[in-house]
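The values are calculated or read from the model by the stated rules, or taken from the named source; none is laboratory data. Keep in mind that what you see is a predicted model, and the values were worked out from it rather than measured. Cβ: placed from backbone, ideal geometry, glycine included. Neighbour counts: every protein chain shown. Surface areas here come from the heavy atoms of the whole protein model, side chains and all, with no ligands, DNA or RNA. Shrake-Rupley method; radii C 1.70, N 1.55, O 1.52, S 1.80 Å.
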Amino acid sequence: MGREGLVLKGKGVVEGCVLGEALVSTMPVSFLGGVDPETGVVVEKGHDLEGECLADKILCFPHGKGSTVGSYVLLALKKKGLAPLALVNEVADPIVVVGAVIADIPMVVGVDLELLRTGDILEVDGSEGLVRVMKACS
Amino acid sequence: MFLTREEEKALDGEYGPGLQLAMRILVKLGDLFGAERLLPVRSAHVSGISYKTAGDAAIGFLEGLCEMGARASVLATTNPCGFDKRLSGLLELPDQIVSAQEKLLALYRRLGLKMTLTCVPYYQFRPERGSHLAWAESSAVVYANSVIGAFTNREGAPSALAAAIAGRTPDYGLHRPENRQPGLLVDFSFRPRDEVELWAAGFYVGQVAKNAVPLLRGLRGLSDWELKGLGAAMASGGMTAMFTLEELSGSRRAPEGLEKVEVGREEVTSTLEKLSSAEEPDLIFLGCSHCSREELALLAEHLRGREVRRPFWICTSRHVRASCPELVRAIEASGALVIVDTCVVVSWVEKLGVDVVATNSPKAAYYLPGLSGVRVRLASLKECVELASSKGAG
């Protein structure tokens, strides 16, 4: 309903251009304790992504929370091939920013997530700071 | 962000991939938070030392950094780890945990960090007033900004480590004088009976202050250890990284039109209700943050002639412990243990079958249920001594 072709302008944090399926959360994510580093699955009780695997998804969430050691979990996920393909945040948060830098995961911040849905096919351009809705899920 | 020619070279990898990665982290953070340049720091204080809180992901990252040839270029101190020699025996920790913790420490050592293993590094290496630092460990950050008058943001484990390696930090936030001005006036309309009430009030202030610097009115004559605990409580209640005492701010009056909140008995009581239960403790713990010499002296005095009848652990740094052997002997004569390098919060007390921990620290009360699944009874240092020397109902 008009979302296809939508381009959201944010700020690029980590370079790289990827295409993938969106996994959208309205809740902050804690990588240390909230995500199982062995499986890439969100394990935090009551989280709207509980049970979802982050691997190869374009993970869209407001910002990080919890321990700053959470940055290292993003690297651990990347090494196991379980990391998200890209990260899209509303607010830049040091935990996620550092995690994206050390794990080299394309990242854009400053994006209004209300316009994105889980299942959308997105293109994330971390160099230009753009998120494009290539295919909107209904 | 403006970078010097040397910093540009480091970012381009001319001095190796380890420094390059550290610079990349700092420059990204600086760009995002509006820094115009990097500042040299006098020291970094690094968290993520206990295997319990850092986990295997940290080991992976640190191994990578070591392979890249990274090394601290300024004084870099370390937060507490998961156990000292005595505790690893007492807790009967599995070999896997012991060897993972030792590996983590060996990696930090290889990176050139000092094994201070404490959340109060400032008793050993006291920064100068006005110096710029990159410290993690929220309680140490508040102390450095508020009591010492040094400048540091509330860094996370990775950004403090990056600053240790690069010797620099982005110039934003509390490094800039305009961001150190009070943003909230907090009126203490009651007189705390003991440090637990004072610190519970601090926890409440942390919850309401968000990222403003609170200006505290009505608190007088607090000693160093009370201020240390006040800051720790504020930081664990929220995002506080600095407070100002009106008493100490000299002729500077509170700015006109500052938003004002009152902290009274009601706020303290409701904060204590949320953090504390009245149950009989199986373990009594003091030293969150790590005890100063002043606290050890108080404890030695209160414990004189007493015999401890429940496990009583007093956590401090190896530096403070070594600086007052006579106090340590006096305390341990009661049966209490003076433990170094770790604390109950970042260790594995659940392995002891402990259900309830008594402590005077709202910070510990906030973290322990989640980290170790225990309940907490908040009691002042004096009450903790009483509890430790009584047999208890059970």
Review point. Could we say that residue B:357 is over 20 Å from residue B:91 (Cβ atoms), out of contact with any Ser or Thr (no Cβ under 7 Å at 6 or more places or on another chain) and crowded, with 23+ Cβ neighbours inside 10 Å here?
Key: no
Check your understanding: Can we say residue B:54 is out of contact with any His (no Cβ under 8 Å at 6 or more places or on another chain), within 11 Å of another protein chain (Cβ to nearest Cβ) and in a helix (DSSP H, G or I)?
Key -> yes
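Residues are listed down the side, and each one gets a yes or a no for (1) part of a helix (DSSP H, G or I); (2) of a type outside the set (A, V, I, L, M, F, W, C); (3) at pLDDT below 95; (4) surrounded by fewer than 18 Cβ atoms within 10 Å (Cβ to Cβ):
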position	(1), (2), (3), (4)
B:104	yes, no, no, no
B:109	yes, yes, no, yes
B:128	no, yes, no, yes
B:143	yes, yes, no, no
B:169	no, yes, no, no
Practice item. For residue B:344, indicate whether it is touching a strand residue (DSSP E or B) at 6+ places or on another chain (Cβ under 6 Å) and within 22 Å of residue B:54 (Cβ to Cβ). Key: yes
Exercise for review: Just name the residue that is farthest from residue B:76 (Cα to Cα) out of those in segment B:115-126 that are in contact (Cβ under 8 Å) with a residue 40 or more places away in the chain and part of a helix (DSSP H, G or I).
Suggested key: B:123
**Study point:** Any hit, segment B:223-232, residues being in contact with a Pro (Cβ under 8 Å, 6 or more places away or on another chain), modelled with pLDDT of 90 or more, open to solvent by 10 Å² or more (accessible area, probe 1.4 Å) and not small (Gly, Ala, Ser)
**Key:** no
Revision key, fill the gap. Of the residues in segment B:1-50 that are aromatic (Phe, Trp, Tyr) and away from chain A (no Cβ under 12 Å), the one that is nearest to residue B:73 (Cα to Cα) is B:15
Study note, to complete from the structure: Just one listed residue, out of B:262, B:178, B:266, B:256, is farther than 30 Å from residue B:37 by Cβ, open to solvent by 10 Å² or more (accessible area, probe 1.4 Å), among the acidic types (Asp, Glu) and part of a helix (DSSP H, G or I), and it is B:266
Check your understanding: Do the conditions hold for residue A:44, that is, is it open to solvent by 50 Å² or more (accessible area, probe 1.4 Å) and in a loop (DSSP other than H, G, I, E, B)?
Key -> no
**Study point:** Selected residue (only one of A:91, A:133, A:96 is surrounded by 18 or more Cβ atoms within 10 Å (Cβ to Cβ) and either within 9 Å of chain B (Cβ to nearest Cβ) or within 30 Å of residue B:158 (Cα to Cα) (or both))
**Key:** A:96
Check your understanding: Inside segment B:145-163, can you point out the residues that are in a helix (DSSP H, G or I) and away from chain A (no Cβ under 14 Å)?
Key -> B:145, B:146, B:147, B:148
**Study point:** Considering residues of segment A:103-130 that are surrounded by fewer than 24 Cβ atoms within 10 Å (Cβ to Cβ) and aliphatic (A, V, I, L, M) only, the residue nearest to the other protein chains (Cβ to nearest Cβ)
**Key:** A:109
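One line per residue, one yes/no per condition, for (1) outside any helix (DSSP H, G or I); (2) in contact with a Gly (Cβ under 9 Å, 6 or more places away or on another chain); (3) within 21 Å of residue B:127 (Cβ to Cβ):
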position: B:1; (1), (2), (3): yes, yes, no
position: B:8; (1), (2), (3): no, no, no
position: B:77; (1), (2), (3): yes, no, yes
position: B:86; (1), (2), (3): no, no, no
Practice item. Filter segment B:76-95 for residues that are open to solvent by 10 Å² or more (accessible area, probe 1.4 Å), within 13 Å of residue B:337 (Cβ to Cβ) and in contact (Cβ under 8 Å) with a residue 24 or more places away in the chain and give the result. Key: B:83, B:84, B:86, B:90
Exercise for review: Go through (1) at pLDDT 95 or above; (2) of a type outside the set (A, V, I, L, M); (3) touching a helix residue (DSSP H, G or I) at 6+ places or on another chain (Cβ under 6 Å) one by one and return the number of the condition residue B:366 breaks.
Suggested key: (1)
